[in-house]
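Below: the structure, in structure tokens.
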Amino acid sequence: MQKRMTTHKQAQRMNPDDVAEYLLSIQPKKALKKETDFLYLNSIVAAKQLLTFLVILLIIGLISFVLWRIYQSLSVVFIPSLIIILFFVLKWLGKRHLWIGFHDKTLWDILKDFSIPIILAVAAISVTTAQNEIQTFQVKVQEEQVQNEILQEFKNNIYDLISHEGLLQANEPARHSALSITLLTLRLLDKIHHEEYKGQVVLFLYESNLIYKEAPILSLREADLSRADLANAKLERADLSGANLSEANLTSALLSTADLSGANLTKANLNHAELLHVNLNYTKCEGANMQYARLTDVSASYSNFSHTTLTDADLRNAQFFSTIFTGAMMQRALLSQSVLTSTKLQGVDLEGAILTRADLSYADLTHAKLKDTDLRKANLDSATFQQADLTGANIQQANLFHTDLSIEQLNQTDTLRDSICGFAYTHSTHKPPLEQTTCPVFP
């Protein structure tokens, strides 16, 4: 203020010509200062705009890139979608924060202002993607080369033992060497994460007549064949007893008359597999998929099929003594004339299943779903049916001696004609006399 007063006093002492000259000298400086301030403010706003744009572009780019990697179908609309999303985000931010400067911008204006950053960002993403794909391809090629070398070395060694060491004549040193080579090969395939190629090891041993159950040269009891790919494999009469086949792919495999006793088939896929006359005693099959599988005449006593899918499976004439089926899915399964004595069938879903002439004596069917199940002439002696659903079930001529079926459950059934009741209805107040052999029909 004092400076301005001093300048004013100086101007009063000057003559008019000097004053005019003085004012002309000051005016450009003020105009220059205003112009400098304006440019400075504009540069700050522009810098903020650019910084905001780059941050938003980075965030949206990362999200869109991840989505694009997951869903390759988005690659065609990736860039247009990014631009449109970015435009609306900037417009929204521009209305809330005027200093950003996008409140009056059109999409074309934004594209003109930031075309170079967009091109650079897209180019960077494209280059990174291409590099990652090339690197992934190279790693895959290297792994396949290593896998092929491992398998070829395995085959060469087994060939040498057969040709020169008398392996097929059950020469003990040769047998020991062959087993060591086999187990080592399986471990190497595990190490390079190519477990599916274990199936080729099994098929080679089978085709070399080394694992036939009649005279097995090698035992795979200690072999880890988990996640092996044996889809459509022909392994009839193979000795796979005690093998670890958990999570193996055995879809449509031909395993008839094979020995799988004591094997681990947990979560294995046996969809549409053929297992006629197979030995499945003491086998672990928890969570396995056996939908549409053919298991006629199998022996699977003391095995565990809990939570296994056996929907539409053929299990006729099978032997399941003391087998566990807890929580299994067995809708429409064929179990006629099968032996299910002392089996645990708690919570099993047998809706629409066929169990004619099946032996379910002493079986535990607590919470079982037996809706529309065919139990004609089945032996249900001493079976447990607590809270089981028998809606529409057919128990015509079935043996219900010593079962715990209630009157309510019997009334759910489709027919009771000629059924042998014995001491049924333990949940009801009415008990028929010992000599009664025909179930009464309750109103």
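Since every read-out is calculated from the coordinates, none of them should be taken as a lab result. From a predicted model like this one, the values you see are computed outputs, not experimental measurements. All Cβ positions, even for glycine, are placed from backbone atoms using ideal geometry, and neighbour counts span all protein chains on display.
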For the stretch 236-274, enumerate the residues that are in contact with a Phe, Trp or Tyr (Cβ under 9 Å, 6 or more places away or on another chain) and surrounded by 23 or more Cβ atoms within 10 Å (Cβ to Cβ). Ala238, Asp239, Ala263, Ala273
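If you check Ser361 against the conditions, is it hydroxyl-bearing (Ser, Thr, Tyr), assigned to a loop (DSSP other than H, G, I, E, B) and crowded, with 19+ Cβ neighbours inside 10 Å? Explain how you work it out, then say what you get.
Numbers: hydroxyl-bearing (Ser, Thr, Tyr): yes; assigned to a loop (DSSP other than H, G, I, E, B): yes; crowded, with 19+ Cβ neighbours inside 10 Å: yes.
Yes: the conditions hold for Ser361.
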Taking interchain pairs and intrachain pairs at least six residues apart, which have beta carbon atoms under 8 angstrom, with the first residue in the stretch 161-182 and without any contact (Cβ under 8 Å) to a residue 60 or more places away in the chain and buried (at least 17 other Cβ atoms within 10 Å of the Cβ) and the second of a type in the set (Gly, Ala, Ser) and not in a helix (DSSP H, G or I)? Ile162/Ser208; Ala174/Gly166; Leu179/Ser219; Thr182/Ala223
Quick check on my filter: what residues within the stretch 180-231 are touching a Lys or Arg at 6+ places or on another chain (Cβ under 9 Å) and among the aromatic types (Phe, Trp, Tyr)? Phe204, Tyr206, Tyr212
Index of the failed condition, Gly327 passing every other in (1) over 22 Å from the mean Cα position of the chain (by Cα); (2) farther than 22 Å from Ala253 by Cβ: (1)
Looking at the stretch 173-227, which of the residues that are of a type in the set (Val, Ile, Thr) and either in contact with a His (Cβ under 7 Å, 6 or more places away or on another chain) or not in a helix (DSSP H, G or I) (or both) is nearest to Leu161 (Cα to Cα)? Ile217
Which of the residues that make up the stretch 307-333 are farther than 12 Å from Gln291 by Cα, part of a loop (DSSP other than H, G, I, E, B) and touching a Lys or Arg at 6+ places or on another chain (Cβ under 9 Å)? Ser322, Thr323, Phe325, Thr326
Filter result for Thr366 (β-branched (Val, Ile, Thr), more than 29 Å from Asp229 (Cα to Cα) and surrounded by fewer than 21 Cβ atoms within 10 Å (Cβ to Cβ)): yes
Qualifying positions in the stretch 183-193 - surrounded by fewer than 19 Cβ atoms within 10 Å (Cβ to Cβ) and out of contact with any strand residue (DSSP E or B) (no Cβ under 9 Å at 6 or more places or on another chain): Leu184, Leu188, Lys191, Ile192, His193
In the stretch 219-278, how many are of a type in the set (Asp, Glu) and either free of Cβ contacts under 8 Å to residues at least 12 places away in the same chain or more than 22 Å from His194 (Cα to Cα) (or both)? 4
